[in-house]
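Okay, structure first, notes after.
The values are calculated or read from the model by the stated rules, or taken from the named source; none is laboratory data. Just so it is clear, the model here is predicted, and its values are computed rather than measured. Here the Cβ is made from the backbone with ideal geometry for all residues, glycine too, and neighbour counts use every protein chain on show.
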Amino acid sequence: MNKWVSRIQKANWVLIVIVILGLMLRLWGIGFGLPYMYNPDEGVPLGVSLRFLQTGDLNPHVFAWPSLSYYLNALVLLGYFAWGRLAGVFTTPADLLSPDFITIAVAKAQLPAELWLGRALTAVVGTLSIFWVYAIGRQLSNGKLVARTAALFLAVELIDVQNSQLIRPDTLAVFFALWTIFFALKIVDQPTLRNYVLAGIGLGLATSSKYNLIFAVLPLLVAHFIRFGRRLLFRREIFIAAVASVVTFFLTTPFALFDVSTFWHWFTFDASHYSGGQLATERTSYRWYLTLLWNTQGWILFAAAAQAIRGVLVRSPKEIALLSFIVLYTAFVGLFQLHYDSTILPVIPLVLILAAQFVDTLVQWSERLTIRQSFRTASVAILIAFFALPLARASAARNELILQPDGRENARQWIDAQLAPGSRIALEPYSPFVDKKKFNVDGYFAVQDHTPDWYVANGFEYLIFSQGVYGQFFAEPERYGAELDQLNSFFSRFHEAARFNQSNFEIRILKTNAILPSHRVAARYGDSGDLVELVGYDTVDWKSGEPLKLKMTWRPVGDKPEPFQVELRLLDDTDREVGRTSSDLFQNKGWQPGMFEGTWTIQVPADTVPGNYRVQVDVVWTRYAYRAPAMTWGEEKIEPVLIGPFELKAK
């Protein structure tokens, strides 16, 4: 009993409380949006991890990120499947359903638990990083003030909290980067082979989480140089660390070796993606990152800068090692045109550590003054609160905000209640999710990728615009005049059916003047519904002794300007064929973009009895003599496509 009491008394209760606080902040908001997925990136790791389990193929085939996060999420999903199978919920991994995607950041999780579990994994990893920050802080000071203060700062820091609520590899990469830095700093005092190997393993795991965390090698190299100076290249330890990192990387991203061509394709594509830029970016990202850090860290940034200057002036080996990563990593990512808060995330824990060290520096300075201990303690507490409370308040406010319905959710409910089933809708990223089983919906990178006339010609009745896309243009009108002119061409031409602006997120829904046939079908032909679409047909007045003249409206889905054949079979109520016809889809007028009409005539026997008949519609890709399968816009197969009934009336 006394042994347990002693252990409880020795427990680091301050750190435990800090960690619990950090975990609570991260778990608080992980259910945001569900079952709808508003983040543009979560579908990639989730989809890859599900494919591992469903196919047994452990090659991600996607290397925009390395593979470690994919495998860890797959392990979590495997545990979920094992539980579900024991409970009788799942039979095979195929029962783990993939999300339903329309376009970027417009998706619905068919099993929200998959998102909960993946986000919870990230939240736990983000929380565990607090321990690394604490451990690094302990290395920088004999007391616990730096360690506890830095741990508190990270526990409540906004950017780390929000990235710990997503199925993304950034938080995992930070965890292993801190691992690497911890053992790199230990080398300054204890250059043992063990510390080198552990630092190398951490570096391999960090790089296997995100490629840019290869920069975590810098503190290791600086620590090695500080310890051995000019003899650094004659020490075997650094080479063993390099081998450990490389081996670890390839063990956790193995198909970088086994599928080199695919890996290199994705790696170079990702590099060009960052350097190529996109709308709403500068030529470099330094100003954007500086603004972000100031807006989120506030005076902590100045405290960290002051401590960094002091560390250089007094030649503090460990602080210089930290600065090597902060300065060179920031210099590198700042060169790119693209910028995200997740990219600068690895710098933030180290900035917080330096700020905590600054607090300790002030305490040491104050000890030289004749100040009462109680006053000094109170002053330190107030200073820490001055830094920490704005961070905590920002994180809490964001959690409250993301758990509130925003303009997307209100727009989704309005669409579901107000628009007629079968309405044809085009939307852009960050729009509300639209039920593909109820509506005909297509997603585009941006609505203004096509002209207003194009949407009318292709039969779209409603266009959904999202602040997530157009907001950047309105924020800087002097810079994006051309894009605003495009948007205004839509806003001025089409009627605004509804507008929603809740929780600082706006959605606009426009109604076009598209004219559609009286009977809608919306059957898409092609293996992925990517060839042509039967939009619908008009009402037929059909009398005995006459052929059936069927006016149908079609639309090419893709850009395949080549011949297709339409085959029509007239069936009675027992599915017996009464008549048939086959002819060119474009009726010898050549390829026609957009919707087009045509009339097809089916000859029927003169003795055909009055009654109701249906028509089976098939499309043949002429060049391959391939009868294309058909599906709905919701990607459900239609076998066969039957239209009607058509009433044959007596004369």
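For (1) touching a strand residue (DSSP E or B) at 6+ places or on another chain (Cβ under 9 Å); (2) farther than 23 Å from Arg499 by Cβ, each residue gets a yes or a no:
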{"site": "Leu383", "(1), (2)": "no, yes"}
{"site": "Asp416", "(1), (2)": "no, no"}
{"site": "Leu427", "(1), (2)": "yes, no"}
{"site": "Pro432", "(1), (2)": "yes, no"}
{"site": "Lys438", "(1), (2)": "no, no"}
{"site": "Pro452", "(1), (2)": "yes, no"}
{"site": "Gly459", "(1), (2)": "yes, yes"}
{"site": "Tyr462", "(1), (2)": "yes, no"}
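Which is out of contact with any Cys (no Cβ under 7 Å at 6 or more places or on another chain), surrounded by 24 or more Cβ atoms within 10 Å (Cβ to Cβ) and assigned by TED's automatic domain parsing to the domain that holds Asp160, of Ala120, Ala135, Ala107?
Going through Ala120, Ala135, Ala107 in turn, the sole match is Ala107.
Quick check: anything in segment 267-290 modelled with pLDDT under 95, exposed (fewer than 14 other Cβ atoms within 10 Å of the Cβ) and under 30 Å from Phe358 (Cα atoms)?
Yes; the residues of segment 267-290 include at least one that is modelled with pLDDT under 95, exposed (fewer than 14 other Cβ atoms within 10 Å of the Cβ) and under 30 Å from Phe358 (Cα atoms).
Of the numbered conditions (1) within 23 Å of the chain's Cα centre (by Cα); (2) at pLDDT 85 or above; (3) not in a loop (DSSP other than H, G, I, E, B), Ser209 fails exactly one; give the number of that condition.
Every listed condition holds for Ser209 apart from (3).
Yes or no, residue by residue, for (1) β-branched (Val, Ile, Thr); (2) outside the structural domain of Thr127 (by TED's automatic domain parsing); (3) crowded, with 16+ Cβ neighbours inside 10 Å:
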site: Trp299; (1), (2), (3): no, no, no
site: Leu313; (1), (2), (3): no, no, no
site: Ser324; (1), (2), (3): no, no, yes
site: Leu328; (1), (2), (3): no, no, no
site: Val333; (1), (2), (3): yes, no, yes
site: Gln337; (1), (2), (3): no, no, yes
site: Gln364; (1), (2), (3): no, no, no
site: Leu383; (1), (2), (3): no, no, yes
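Within segment 331-366, how many residues turn out to be farther than 23 Å from Val217 by Cα, touching a Gly at 6+ places or on another chain (Cβ under 9 Å) and of a type outside the set (A, V, I, L, M, F, W, C)?
Residues in segment 331-366 being farther than 23 Å from Val217 by Cα, touching a Gly at 6+ places or on another chain (Cβ under 9 Å) and of a type outside the set (A, V, I, L, M, F, W, C): 2 in total.
Since Ala378 meets every condition but one in (1) surrounded by 13 or more Cβ atoms within 10 Å (Cβ to Cβ); (2) within 30 Å of Ala147 (Cα to Cα), which condition does it not meet?
Answer for Ala378: the failing condition is (1).
One line per residue, one yes/no per condition, for (1) surrounded by fewer than 24 Cβ atoms within 10 Å (Cβ to Cβ); (2) among the acidic types (Asp, Glu); (3) outside the structural domain of Glu114 (by TED's automatic domain parsing); (4) in a helix (DSSP H, G or I):
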| position | (1), (2), (3), (4) |
| --- | --- |
| Gly143 | yes, no, no, no |
| Asp160 | no, yes, no, yes |
| Leu172 | no, no, no, yes |
| Phe183 | no, no, no, yes |
| Tyr196 | no, no, no, yes |
| Ile214 | yes, no, no, yes |
| Phe225 | yes, no, no, yes |
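What do you reckon, is Thr180 touching a residue at least 40 places away in the same chain (Cβ under 8 Å), within 23 Å of Val17 (Cβ to Cβ) and not hydrophobic (A, V, I, L, M, F, W, C)? Working first, answer last.
On the way: touching a residue at least 40 places away in the same chain (Cβ under 8 Å): yes; within 23 Å of Val17 (Cβ to Cβ): no; not hydrophobic (A, V, I, L, M, F, W, C): yes.
For Thr180, the condition - touching a residue at least 40 places away in the same chain (Cβ under 8 Å), within 23 Å of Val17 (Cβ to Cβ) and not hydrophobic (A, V, I, L, M, F, W, C) - is not met.
Return yes when Glu483 is under 25 Å from Ala105 (Cα atoms), crowded, with 18+ Cβ neighbours inside 10 Å, of a type outside the set (A, V, I, L, M, F, W, C) and at pLDDT below 95 and no when it is not. Spell out how you get there, then give the answer.
Working: under 25 Å from Ala105 (Cα atoms): yes; crowded, with 18+ Cβ neighbours inside 10 Å: yes; of a type outside the set (A, V, I, L, M, F, W, C): yes; at pLDDT below 95: yes.
Taking the combined requirement at face value, the residue satisfies it.
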